[in-house]
1. (1) open to solvent by 90 Å² or more (accessible area, probe 1.4 Å); (2) part of a helix (DSSP H, G or I): which one isn't true of I98, the others all being true?
2. Determine which single condition R57 fails, assuming it passes every other condition in (1) open to solvent by less than 80 Å² (accessible area, probe 1.4 Å); (2) modelled with pLDDT under 95.
3. Could you grab me the full set of residues in segment 35-64 that are among the acidic types (D, E) and closer than 25 Å to P78 by Cα?
Amino acid sequence: MVVGDVVDEIFGLPPLLPLSVRWTCERSNSNTGELVFYSTDGLANVAKDCSMIFAIREEERKESKDGCVVDFTMQYEPVSPLATLAMPILEVDNNVAIRVLL
């Protein structure tokens, strides 16, 4: 990704509950492994000023250097109690995405 690229994230339970956030890449540095996305609008009526920060680095293994470690931080400003209540679900969803799908 390069700075300025836009990604539409679709989640929830599509097509029953299609939720989406449009993310814009704000920082992308392959030397430091930093990747930052921001969404001013966030999720309508739930959260705004959202950010996702990825810190990617090589896994320190003695036998090989084929893997990587991804540290993920998500921040947002809640505009509804639903944003606070959904945090445990978001954490599980993000952990599955990073640990299983990457």
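The values are calculated or read from the model by the stated rules, or taken from the named source; none is laboratory data. Keep in mind that this is a model prediction, so the values were computed, not measured. When the accessible area is computed, the model is the full protein with side chains, heavy atoms only, and any ligands, DNA or RNA have been set aside. Shrake-Rupley method; radii C 1.70, N 1.55, O 1.52, S 1.80 Å.
1. Of the numbered conditions (1) open to solvent by 90 Å² or more (accessible area, probe 1.4 Å); (2) part of a helix (DSSP H, G or I), the odd one out for I98 is (1).
2. The failed condition is (1).
3. Filtering segment 35-64 down to residues among the acidic types (D, E) leaves 41, 49, 58-60, 63.
Selection gives D41, D49.
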